[in-house]
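Structure first, then comments.
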Ligand code: FES
Ligand code: FES
């Protein structure tokens, strides 16, 4: 199957039902897009497809042929994406950085669709989870880009961005799922290694 990613054509070997995230990271080595929950909950895996934000962990590659896929590696080649990255730097948004490629994707997709989003539109679009709690800085950066006056991040914080109880619950739920997922993967690896060991002992 042919995929168009960051304005390059790639011939990929994966099965049609493989999630886009696996192809991007494992087959093509574009590791800026992250795996968080694998359940379309956290947004760490966000990429843009035809300018709209998409959770790549639950998006099979079938249906992606002929679409324009953009990952964080090429975001500064997009005029809006470049402005978002500049604002992220200006407001010193990232902490550990793990969620930030997804956050930048969400902000870029929003600002490509609506040049000057309202508070409500920003709140509706910027729903990705951040375990470091950079919500205030993200809000300051997006409000700045939207031309909504911000005196400083803490002022915005007091107005808009305290994570709601719902968001916090989602964060805890996603973290729990992620930990469970990591445990499952570790168990599979352990079983595989035990199996190879046993086969090695037999031969
Ligand atoms: S990894 Fe895709 S939404 Fe969390
Ligand atoms: S900056 Fe660490 S998870 Fe968001």
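Numbers at a glance
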read-out: Any hit, segment 27-41, residues being away from ligand 2 (no atom under 15 Å from the Cβ), within 22 Å of residue 146 (Cβ to Cβ) and under 13 Å from the mean Cα position of the chain (by Cα); value: no
read-out: Near pairs, Cβ below 6 angstrom, 6+ apart or cross-chain, from segment 126-139 (more than 20 Å from residue 40 (Cβ to Cβ)) to any residue that is at pLDDT 95 or above and away from ligand 1 (no atom under 12 Å from the Cβ); value: 132/95; 132/96; 134/93; 134/95; 137/91; 137/93
read-out: Residue list for segment 69-89, filter: within 16 Å of ligand 2 (Cβ to nearest atom) and touching a residue at least 24 places away in the same chain (Cβ under 8 Å); value: 72, 84, 87, 88
read-out: Residue check for residue 47: on the phi < 0 side of the Ramachandran plot and free of Cβ contacts under 8 Å to residues at least 40 places away in the same chain; value: no
read-out: Residue 66 vs. criteria over 15 Å from residue 1 (Cβ atoms), surrounded by fewer than 19 Cβ atoms within 10 Å (Cβ to Cβ) and more than 13 Å from the chain's Cα centre (by Cα); value: no
read-out: Members of segment 20-46 found to be outside any loop (DSSP other than H, G, I, E, B) and touching a strand residue (DSSP E or B) at 6+ places or on another chain (Cβ under 6 Å), listed by number; value: 46
read-out: Conditions (1) closer than 21 Å to residue 146 by Cα; (2) loosely packed, with under 14 Cβ neighbours inside 10 Å: number failed by residue 101; value: (2)
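The values are calculated or read from the model by the stated rules, or taken from the named source; none is laboratory data. Because the structure is a prediction, the values reported are computed rather than measured. Positions of Cβ are generated from backbone atoms using ideal geometry, with glycine treated the same way; all protein chains shown enter the neighbour counts.
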